[in-house]
Amino acid sequence: MQVFRSALLRFAEDGQAVYDEDGLLAVAPDAQGRQRVVAAGPWQALAAQWAGQGAVTHWPGRILAPGFVDLHVHFPQTDVIGSPADGLLPWLENYTFPHESRFCAPEYADGVAAFFVDELLRNGVTTALAFATSHPTSVNALFGEAQRRCLRLVTGKVLQDRHSPDGVRDQTEQSLIDTEALIQRWHGVDRLGYAITPRFAPTSTPEQLRGAGELAARYGDVWIQSHVAENLDEIRWARELFPRSRSYLAVYDDFGLMRERAVYAHCIHFDDADHALMRERRTAAAISPTSNLFLGSGFFDYAGADRAGFRYGLASDVGGGTSFSPFHTMLAAYYVGRTAVEGLQTKPGLSLSPAQLWWQHTAGAAQAMGLAGVVGNLQPGCEADFLVLNPQATPLLARKTQQAQSLDELLFALIVLGDDRVIEQTVISQAKYAPSA
Ligand code: GUN
Ligand code: FE
């Protein structure tokens, strides 16, 4: 048993942020040796029961918070960040596909995987739903590295058997054989999970999508991830290729690729029927605001999503996204929320609260992945992935957080001014990680 005394941020069942200025967090290993939260709350109320049960580590002036969950990120695009293009499709063609073709080489994939996992942990991300490339080597590289570092990570081999250049295009039948073999090798091993990963409908034949849907039905607790309704040219293309489906989103439904544990990146240009379909299928959206702003894709409609009542969470979408830092993503989500859009599609401007933004990158994102109560929070039973935050990491942060009169003001100061410097330590459930430098 280990007991920590510090300010403590966590979330109630209903998503409300709970903050104990003087908090207690107790963690103990379960039967598998995985550290789990056994108590979290005000020191005053819990110390009598827990403080005597283990060594107490005191972190004055720091905040303990749940590790962040990145709901959509491309590990092979670590070096694609900041590649300018006239929107999504030219960006894929000119930068992303040529770069991803390099991941057939195991040493290259291993090297990027090690850097990528370092970068996640340095930024306080302790759970990620990640794309690999179409090469099984890239999947093995990332799973291997995540396993070594005890990271909770879900990834999968990208399926793209058409409209893709040599070097990344795969073969329909072999791609499905490879997917099943990777599921059997990795899914459920330690903290790893597999995601069936069609890149997006335009780069898969109907046969490949059908095969993916069959695997999704056969392996019901495996995840599904893809992209949808990010960009207007992409939508036109998908509609041309699948004219019989009611909408771009419906293509995935028609192939059995919408269900619990399915997470679709972007979900921007949706109509009411798409919103309703997301709810009915218990499918989640990965909102990627830095990517959507960088590529000029559009603005996620929070009010529309809440009206329909489907699940969502925040994601970096590196390398369309511009940062691994959850603080940068939360701030960009605030900008996206504020932006009113008028025209064919309309959305109101609204002010997301700092606690909502934080929830979307922790407990909310975990819920979207079907991992509520497992990660993304510091409630009893959760795996003990947590962060030691330094609210005085920079002079301006120290000045601003000292003046905070409320939890909202404190969290907003961190969201607006924070970055990797705020993450003093990332503690993961089975091992302690501290940056070497
Ligand atoms: N749509 C298909 N592939 C991609 C990708 O790699 N990034 C983004 N942002 N959108 C995509
Ligand atoms: Fe993406």
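Every read-out reported here was derived from the displayed coordinates using simple, explicitly stated rules and does not represent laboratory data. Model, not experiment: these values are computed from the prediction. Note: ideal-geometry Cβ built from the backbone for every residue, glycine included; neighbour counts use all protein chains shown.
If the elastic network links every pair of Cα atoms under 10 Å, which of 289, 202, 348 fluctuates the most in the Gaussian network model of the chain?
Taking springs between Cα atoms under 10 Å, the residue moving most is 348.
Which peptide among 125-132, 421-428, 366-373 comes first, and what is the full order, when sorted by highest mean count of other Cβ atoms within 10 Å?
125-132, 366-373, 421-428
By the gyration tensor of its Cα atoms, with a ≥ b ≥ c the square roots of the eigenvalues, what is the shape of the range 303-437: rounded for a/c under 1.5, prolate for a/b over b/c, or oblate?
In terms of gyration-tensor shape, oblate.
Of 342, 100, 207, which is the most mobile in a GNM of the chain whose springs link Cα atoms less than 10 angstrom apart?
Highest fluctuation among the options: 342.
Once you keep just the Cα pairs under 8 angstrom separated by 6 or more residues, what percentage relative contact order results for the range 6-157?
So the answer I get is 19 percent.
Looking at the chain as a GNM with Cα springs under 10 Å, which of 209, 344, 417 has the largest mean-square fluctuation?
Among 209, 344, 417, the largest GNM mean-square fluctuation belongs to 344.
Quick check: the distance between the Cα centres of the range 15-61 and the range 290-355, to the nearest angstrom?
Rounded to whole Å, the Cα centres lie 33 Å apart.
By its C-alpha gyration tensor, with a ≥ b ≥ c as the square roots of the eigenvalues, how is the range 295-383 shaped: rounded for a/c under 1.5, else prolate for a/b larger than b/c, else oblate?
It is prolate, given that a/c is not under 1.5 and a/b is the larger ratio.
With the cut-off at 1.5 for a/c, could you classify the range 77-223 from its C-alpha gyration tensor as rounded, prolate or oblate?
Judged from the Cα gyration tensor, the range 77-223 comes out oblate (a/c at least 1.5, b/c at or above a/b).
For residue 11, what residues show an amide H to amide H distance below 5 Å, using hydrogens built from the backbone and excluding near sequence neighbours?
For residue 11, whose amide H was placed from the backbone, the distant partners under 5 Å are 18, 378.
Ranking request for peptides 137-145, 189-197: highest mean number of other beta-carbon atoms within 10 Å first, then the rest in descending order. Don't jump to the answer; show the numbers that get you there.
On the way: 137-145: 24.3, 189-197: 22.3.
Listed from highest to lowest mean packing, they are 137-145, 189-197.
Identify, among 270, 213, 284, the residue whose Cα sits farthest towards the positive end of the charge dipole of the range 194-284, taking +1 on the Cβ of Lys and Arg and -1 on the Cβ of Asp and Glu, with the dipole about the Cα centre.
213
Over the chain, what is the relative contact order in percent, taking alpha-carbon pairs closer than 8 angstrom and at least six residues apart?
With pairs under 8 Å counted, the relative contact order is 19 percent.
Could you order the peptides 380-389, 33-42, 235-244, 310-319 from most to least packed, using the average number of other C-beta atoms within 10 Å per residue?
Peptide ranking by packing, descending: 310-319, 380-389, 33-42, 235-244.
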